[in-house]
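S.K.: Got a structure for you, questions after.
What follows draws every value from the coordinates through simple rules; no lab data is involved. As the structure is a prediction and not an experimental result, all values here were calculated from the model. Virtual Cβ from ideal backbone geometry, glycine too; neighbours counted across all protein chains shown.
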Amino acid sequence: MKLNSKSFGYSTWLLVAAITSGTVLTLSCVPRHRHSSKNSADSASQPVAKVNPNEGLNPAPPPPPPAAPVPSNPKTGNVNIDRFLELWTNIHNMSNGYFSPEGIPYHAIETLIVEAPDYGHETTSETYSYWVWLESMYGKVTNDWTHLDRAWRNLEYYMIPKHVDQPTNVAYNPTKTATYAPEMDRPDDYPVALQGTVAVGLDPIGKELRDTYGYTDIYAMHWLMDVDNWYGFGNRGDGTSHGSLFNTFQRGIQESVWETVPQPCWDEFNWGGKFGYLDLFVADSKPAKQWKYTNAPDADARAVQAMYWAKKWADERGGNPTVDGIAKKASTMGDFVRYSFFDKYFKKLGCKDPSCPQGTGYDSAHYLLSWYFAWGGAIPGGGIWAWRIGSSHTHSGYQNPMAAYALSHDPALRPTSPNGARDWGTSMTRQLEFYRWLQSNEGGFAGGATNSWNGRYMAPPAGTKTFYGLPYVESPVYMDPPSNEWFGFQVWSIERLAEYYYVSGDPKAEMMLERWVKWVKKNTKLLPDGTYQIPSTLKWSGQPANDWNESSQSWDAKDANYNNSLHVQVTQFTDDVGTTAGLVHTLEFYAAKKGDKEARILCKELLDRMWTKFRDDKGISSPEQRADAKRFNEKVFVPANWQGKMPNGDPIGNKSTFLSIRSKYKQDPAFKQVEAFLKGGKPPEFHYHRFWSQTHIALAYATYGWLFPKF
Ligand code: CA
């Protein structure tokens, strides 16, 4: 389906915002109900402290919301650094609405926005990671690290589940990680039955993390939060607290955000149906009350990447103990994010049948930043058990060789655990190989690979090329719309590759960037009227030319025919400001290291044109016509005979629609435009100020000012 309006395809905006986190969790969070009786015995003998000693999991409340300094920062005389400071001040002006009263950054200023989050005053781990990045740059520019401190403390307090939010990890047994449940193709294929007979492998890092840190909890972000408690789930079933951790996606590759049923992370059966929301997803005659969280690893990796720079920049000015402390925490976060390196059920690589062998150690590690990892357990009173899963699905758009470099090479960020830095070193190499395997003949990077074909360990079609045994997938994780048609994934991911190249000078990164930059330059247009167009929507064909593994690799930079079996075509263009900033940010690092003057001038043009055309009183924003708003009336699948209620009383049943289970949207000031459209009028048009986008724009200006101070 393409609902086209100007250059914004349906695909574009769904993704524009937060793809990362959003659709992410699609498959991730298929909840696993583990029944207490069986598992409690497994773990009872493990000698682990009951009270979590780690302050990050028992954090003190964060400082008050950020505020822009008065008077505002003086001008530096560097035009692009000054633009950064202007935008930074806009973001921190509380009356502009980027932050909640608690100082939590919203996904967007605007409330009516449905993309990966289904409401604008939600937030994501992605948003938090961009905030850390923003304050890292602010520290570089001003040597004031208090804002970075506030960002991390807020992140820790609100977005990392506290010990009380994940109270039964003590029961987790790394030799019995989870019970297998297949992923299905369509929402109406759910709920699915758990299959206890399918062999599940060992988790080789669970014990190591416990021994290293002395606690059993996970120090990593959940991906999605209802900041103002719009839905009314609250936390831990209280129905009232703000900063409510919840989830949406659960039902396979075809479940777009419009087809989701929001559900609390802590399900005590207070809302939903008889068993809360659990039996919408997993068929179980008597599910137990439970909590569950899902991590979007690219966000946590972005936070690590930002802390690499914060530490470097603070050290350049003589060091800062606050920054040192946060870097240590980022290192710990990175240690836990290794869970994303493993197959979902810790099966050996190359699995083609649910009966394939379980992993016994690192033989289940693909070492890529996969789409998620997730963890859950019993709510006290519901038994003593806990589970963990990795993810079989990997996407080029999630990789972060810069974070992998920092976590393996930088003494301030190398994790404390015995194998953490080693694993991240392996990941760094593996990510570079993954990019090479996926680079199309034209230069764009194709989707990814999976160790679980169709999410249920099926055999891929004969002839499908593999990466360390994982078959190629054109659109990993989701298909509504296809996950790799959004150009934003290119710039998000390749910006990190370009940073890695800038820092390391690695010729492998250089050769891939050369090809990519050539492709991007060809598809970016600076128009005579002062506007510009960059790629928006991509169409893929073919697959990588060869299987790739330790002994079969192609790194000949001069091989112009490399992957001539894999092609990309740009089918739509855009002037979207967030992805433009991502593109500029990528080209800046490349241009600085390579000495590519043409790329540097392209950056300057895009930055100047964006400023001239789209600057408004709150940031930089371009109009978006949202024909997807017609999906407000889309049916949400609910099984026959399943009846329930949202916390505000909205009924959930087989007549439910996106809007009917979110009736509060009718009170939104922007809803009248949607309503007119649903009655046959024109598609609504909005100017959104997404936090990630505004931040990326600010970073693109600051980075230009930093790397090219004389131009
Ligand atoms: Ca769908």
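S.K.: Which value in nm describes the separation of the simple spin-label points at residue 545 and residue 270, placed 7 Å from the Cα toward the beta carbon?
M.R.: My value for the distance between the label points is 5.9 nm.
S.K.: Please give the FRET efficiency for residue 142 paired with residue 526, using the beta carbon to beta carbon distance and R0 = 30 Å, rounded to the nearest 0.05.
M.R.: Between residue 142 and residue 526 the formula returns 0.40.
S.K.: For a label point 7 angstrom out from the Cα of residue 518 toward its Cβ, which stretches of the stretch 396-439 have the backbone nitrogen within less than 15 Å?
M.R.: Residues passing the 15 Å test: 439.
S.K.: Can you give the relative contact order of the stretch 559-630 as a percent, counting alpha carbon pairs under 8 Å and 6+ residues apart?
M.R.: The normalised contact order for the stretch 559-630 reaches 26 percent.
S.K.: Given H placed on each backbone N at 1.01 Å, which residues far from residue 532 in sequence or on other chains put an amide H within less than 5 Å of it?
M.R.: Long-range HN contacts for residue 532: 527.
S.K.: So for the chain: antiparallel DSSP bridges make up what percent, rounded to the nearest 5?
M.R.: For the chain, the DSSP antiparallel bridge percentage is about 95.
S.K.: Would you please state which residues of the stretch 689-711 a label at residue 601 would reach in this model, taking the label point 7 Å out along Cα→Cβ and a backbone N cut-off of under 16 Å?
M.R.: The answer is 711, whose backbone nitrogens lie closer than 16 Å to the label point.
S.K.: From the backbone phi of the stretch 463-468, what are the Karplus-calculated ³J(HN,Hα) couplings (6.51 cos²θ - 1.76 cosθ + 1.60, θ = phi - 60°) in whole Hz, Gly and Pro given as x?
M.R.: Listing the rounded values in order: x, 5, 6, 10, 10, 6 Hz.
S.K.: Rounded to the nearest 0.05, what FRET efficiency do residue 645 and residue 676 have when you use their Cβ-Cβ distance and R0 = 35 Å?
M.R.: Details: r = 29 Å, r/R0 = 0.84.
Efficiency at R0 = 35 Å is approximately 0.75.
S.K.: For the stretch 613-687 and the stretch 252-269, what is the separation of their Cα centres, given in Å?
M.R.: Between the Cα centres of the stretch 613-687 and the stretch 252-269 lies a distance of 16 Å.
S.K.: Continuing with this model, one more query. Once you order the gyration tensor axes a ≥ b ≥ c over the Cα atoms, which shape class does the stretch 389-515 get: rounded for a/c under 1.5, otherwise prolate or oblate by comparing a/b with b/c?
M.R.: In terms of gyration-tensor shape, oblate.
S.K.: Report, by chain and number, residues whose modeled amide H sits under 5 Å from the one on residue 473, excluding near sequence neighbours (fewer than 5 apart, same chain).
M.R.: Residues meeting the criterion, in which the H sits 1.01 Å from N, are 448, 449, 450.
S.K.: Based on the alpha carbons, how large is the Rg to Rh ratio for the stretch 343-445 when Rh follows Kirkwood?
M.R.: Here the Rg-to-Rh quotient is 1.05.
S.K.: Can you tell me the length gained on complete extension of the stretch residue 285 to residue 560, counting 0.36 nm per residue apart and subtracting the Cα distance?
M.R.: Full extension of this stretch gives 93.2 nm more.
S.K.: What are the extents of the Cα atoms of the stretch 628-686 along their three principal axes, in Å, largest first?
M.R.: So the extents along the principal axes, rounded to whole Å, are 37, 20, 15.
S.K.: Whole-Hz ³J(HN,Hα) for each residue in the stretch 71-87, computed from phi via Karplus 6.51 cos²θ - 1.76 cosθ + 1.60 with θ = phi - 60°, x for glycine and proline: what do you get?
M.R.: Residue by residue, the stretch 71-87 yields x, 5, 4, x, 5, 9, x, 8, 4, 7, 5, 5, 5, 4, 5, 4, 5 Hz.
S.K.: While we're here: Alpha carbons only, please: Rg and Dmax for the stretch 497-623, in angstrom.
M.R.: 16.7, 56
S.K.: For the stretch 508-580 and the stretch 419-448, what is the separation of their Cα centres, given in Å?
M.R.: The stretch 508-580 and the stretch 419-448 have Cα centres separated by 15 Å.
S.K.: What are the ³J(HN,Hα) values, in whole Hz, obtained from phi via the Karplus relation 6.51 cos²θ - 1.76 cosθ + 1.60 with θ = phi - 60°, for each residue of the stretch 404-415 in sequence order, with x given for Gly and Pro?
M.R.: 5, 4, 4, 6, 10, 10, 8, x, 6, 10, 4, x
S.K.: Here is a further query. Once you have the Cα-Cα distance between residue 608 and residue 76, take 0.36 nm times their residue separation minus that, and quote the gain in nm to one decimal.
M.R.: Between residue 608 and residue 76, full extension yields 189.7 nm more.
S.K.: Okay, moving on. Any chance you could check the Cα centroid distance between the stretch 132-165 and the stretch 48-118 for me, in angstrom?
M.R.: Between the Cα centres of the stretch 132-165 and the stretch 48-118 lies a distance of 8 Å.
S.K.: Could you put 300, 82, 238, 226 in order, starting from the residue whose Cβ has the fewest other Cβ atoms within 10 Å?
M.R.: The order, fewest Cβ neighbours first, is 238, 82, 226, 300.
S.K.: To continue, here is another question. Calculate for the chain the 222 nm mean residue ellipticity that helices alone would give, adding -39,500 (n - 2.57) per DSSP H run of length 4 or more and normalising by residue count, nearest 500 deg cm²/dmol.
M.R.: Value at 222 nm, helices only, nearest 500: -10500 deg cm²/dmol.
S.K.: Could you line up 485, 510 from fewest to most neighbouring Cβ atoms inside 10 Å? Please list the in-between numbers first.
M.R.: On the way: 485 24, 510 18.
Lowest to highest Cβ neighbour count: 510, 485.
S.K.: I've got another one for you. Over the Cα atoms of the chain, what Rg and Dmax result, in angstrom?
M.R.: Radius of gyration, then largest Cα-Cα span, for the chain: 23.6, 72 Å.
S.K.: Another one. Would you order 456, 302 from fewest to most other beta-carbon atoms within 10 Å of each residue's own beta-carbon?
M.R.: Starting with the residue having the fewest Cβ neighbours, the order is 456, 302.
S.K.: Each label point is 7 Å from the Cα along the Cα-to-Cβ direction; what then is the distance between the points at residue 464 and residue 654, in nm?
M.R.: 3.3
S.K.: Let me ask another. Label-point separation (nm) for residue 195 and residue 571, each offset 7 Å from Cα along Cα-to-Cβ?
M.R.: That separation, rounded to one decimal, is 3.3 nm.
S.K.: Could you tell me the relative contact order of the chain? Use alpha-carbon pairs under 8 Å, at least six residues apart, and round to a whole percent.
M.R.: 18
S.K.: Another question, then. Give the long-range amide H neighbours of residue 245: residues separated by 5 or more places, or on another chain, with amide H under 5 Å away, using H modelled in the peptide plane at 1.01 Å from N.
M.R.: Residues meeting the criterion, in which the H sits 1.01 Å from N, are 226.
S.K.: Can you report the principal axis dimensions of the stretch 269-405 using only the alpha carbons, biggest first, rounded to whole angstrom?
M.R.: Rounded to whole Å, the extents work out to 61, 40, 26 Å.
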